[in-house]
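Below is one structure, written out as structure tokens, with a few remarks after it.
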Amino acid sequence: MATTLETAYDLFIGGKDQPGSTGEQRILLDPATNEPLARAALGSRDDAHAAMEVADRAFRESNWATEDGARRGRALWKLATLLEANADAFARLETLNQGKPLREARGDIGYVVRTIEYFAGLADKVEGETIPVPGTRFDYTIREPLGVTVHIAPWNYPLVLAMRSVVPALAAGNAVVLKPASLTPLTAVALARLAKEAGIPDGILNVVLGNGAEVGEALVQDAHCRSVTFTGSGEVGSRLALLAASRLVPTTLELGGKGPVLVLPDADVDRAAKAIGYGIFGNAGQMCWAASRLLVHESLREPLVERVRAIADRLKLGPGIQDGVEMGPLVSKEQAEHVLDYIEVARADGGKVVAGGSRATEDALRAGNFVRPTVLVDVPATSRVVREEIFGPVLVVTSFRDVDEAVRLANDTSFGLLSAVWTRDLGAAHSVARRLESGMVMINESPMTFPQTPFAGVKSSGLGYEQGLRALEPFTRRKNVLVQLGGGKRPA
Ligand code: NAD
């Protein structure tokens with residue numbers, strides 16, 4: 001799966017690579033160098049509608065939705081096996097396109113393999129129920145797939161976040177149209193090709209590339225669209241939810257975050273520091289669930305900030321594809337500028353930079369989108385840097401005097417995705433976990449998730465949930481069947 005400018009990454013519709021109706025292409029840049037990396041077709045509104053048409057036909061005409069779920073499970077299992085066999089090539093492609101260190105990209109691909117295996121095992125467990133009703137009647141429900149489901153994914157974990165909803169939708173028997181982020185479409189196209197090899201019928205998994213505002217909105221507005229799963233910014237998510245609602249199409253939204261990490265006075269400072277470093281500098285901080293606000297008890301502020309500063313200063317920056325690199329570039333020049341602007345806002349608001357705070361200027365890094373891991377202290381609580389999602393390697397530190405103040409600061413945000421608490425006191429850990437307004441809480445753990453654990457945000461971080469046993473629910477509907485059995489006692 002070598003990537004050169006000659007390698008075509010086209011739309012994948014109806015089991016075939018398709019260049020797109022306008023023939024237009026976008027040159028993708030390697031974020032570590034800003035040199036051209038690959039060409040990707042630029043789809044149009046017409047391509048989006050064509051893909052929806054093809055998916056609808058495949059849903060009705062192939063046996064994907066109607067066959068025994070175990071057969072869907074076997075096809076998905078085969079896809080997992082093929083992906084695992086090609087894991088290294090996929091990881092390299094993800095790293096070249098998105099920038100993250102190869103070690104992280106390998107973790108991502110392993111996560112996708114495990115996600116496919118998990119939902120492959122659920123494909124034959126889409127069960128209805130029987131419901132007691134009066135008289136000689138019998139009532140039962142059937143769980144049916146919806147039809148064509150639309151999935152719009154962001155660029156920070158390109159394959160993981162696309163597959164997190166695509167796979168359960170497929171397991172439940174739907175036909176899927178996926179739009180990966182415009183900057184990072186490569187692994188999604190490569191995976192759709194593998195799905196064909198795994199025996200998933202043509203037209204059941206389609207990938208449309210192109211600009212979000214054009215192609216993404218066309219997919220959501222298409223008459224065949226039966227559900228929308230969107231992972232990305234709050235602004236786009238709410239717009240799509242409104243568009244979908246006008247046609248009574250349900251949406252699942254996974255949006256931004258500003259995750260607080262509460263470090264109580266009895267915490268294990270060394271372990272907390274490592275987890276905080278991972279939670280804000282992993283994937284160069286481009287994580288919805290980033291641990292971006294450190295709330296530390298005043299007694300631990302100095303030792304903890306010192307440890308996190310040391311981690312930030314030691315991290316080896318470089319192109320993700322190189323051995324030993326611990327933090328890669330940001331995904332684009334624009335994203336790097338965006339993050340640097342926030343650091344300037346912090347300075348202007350009176351904040352102090354204790355680590356990083358600038359672009360990396362070494363010769364080998366200057367051309368890429370590298371921003372140094374940054375730790376900020378003394379930023380006022382009202383600053384945009386404390387309140388808004390930065391989506392980069394920038395940690396803001398605030399101290400507190402008691403647990404009530406810590407919980408109040410943690411919840412003083414419009415977001416509610418992931419929070420963490422560090423303490424050796426079991427009672428304090430669980431009571432703080434209950435009081436935190438967020439969809440996920442980590443106790444003495446860095447940001448972590450598994451295909452079997454629900455992933456969800458509250459407040460402006462999202463609507464609905466993904467992963468776990470119930471993840472097939474949004475991709476099925478319940479049909480109720482009431483039967484008059486006749487004979488015996490007459491019904492009331
Ligand atoms: P984005 O909203 O700009 O783009 C996300 C996707 O939507 C892309 O595929 C994009 O092409 C498409 N899009 C853009 N405008 C659109 C429109 N008008 N109509 C339809 N589609 C459109 O987000 P991004 O910059 O790619 O990702 C960063 C954001 O994603 C951050 O806010 C981050 O917190 C969030 N995110 C959330 C989660 C989660 O699980 N909660 C995970 C990862 C990222």
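The values are calculated or read from the model by the stated rules, or taken from the named source; none is laboratory data. It should be emphasised that the depicted structure is a prediction, and the values quoted were computed from it without experimental measurement. When we count neighbours, we look across all protein chains shown, and the Cβ atoms used for this are built from the backbone with ideal geometry, even at glycine.
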Residue in the range 116-128 that is on the phi > 0 side of the Ramachandran plot, touching a residue at least 60 places away in the same chain (Cβ under 8 Å) and either outside any helix (DSSP H, G or I) or aliphatic (A, V, I, L, M) (or both) present: no
Meets criteria (away from the ligand (no atom under 16 Å from the Cβ), assigned by TED's automatic domain parsing to the domain that holds VAL325 and not in a helix (DSSP H, G or I)) for ALA267: yes
Hits in the range 193-217 - residues which are buried (at least 23 other Cβ atoms within 10 Å of the Cβ), on the phi < 0 side of the Ramachandran plot and of a type outside the set (Val, Ile, Thr): ALA195, LEU205, ASN206, LEU209, GLY216
Identity of the residue in the range 38-48, closer than 13 Å to GLU217 by Cα and under 26 Å from the mean Cα position of the chain (by Cα), that ends up surrounded by the most Cβ atoms within 10 Å (Cβ to Cβ): GLY43
Residues of the range 16-33 satisfying the condition of being part of a strand (DSSP E or B) and either in contact with a strand residue (DSSP E or B) (Cβ under 9 Å, 6 or more places away or on another chain) or among the β-branched types (Val, Ile, Thr) (or both): ASP17, GLN18, GLN25, ARG26, ILE27, LEU28, LEU29
Single residue of the range 49-107 satisfying the filter (in a helix (DSSP H, G or I) and hydroxyl-bearing (Ser, Thr, Tyr)) that is nearest to the chain's Cα centre (by Cα): THR95
Residue among GLU254, GLU214, GLU235 that is more than 19 Å from the chain's Cα centre (by Cα) and either within 14 Å of the ligand (Cβ to nearest atom) or at pLDDT below 95 (or both): GLU214
Residue count, the range 310-368 (criterion: among the charged types (D, E, K, R) and part of a loop (DSSP other than H, G, I, E, B)): 7
Some residue of the range 401-414 being more than 22 Å from ALA273 (Cβ to Cβ) and either within 16 Å of the ligand (Cβ to nearest atom) or in contact with a strand residue (DSSP E or B) (Cβ under 7 Å, 6 or more places away or on another chain) (or both): yes
Flag if GLY324 is more than 16 Å from the ligand (Cβ to nearest atom) and buried (at least 24 other Cβ atoms within 10 Å of the Cβ): no
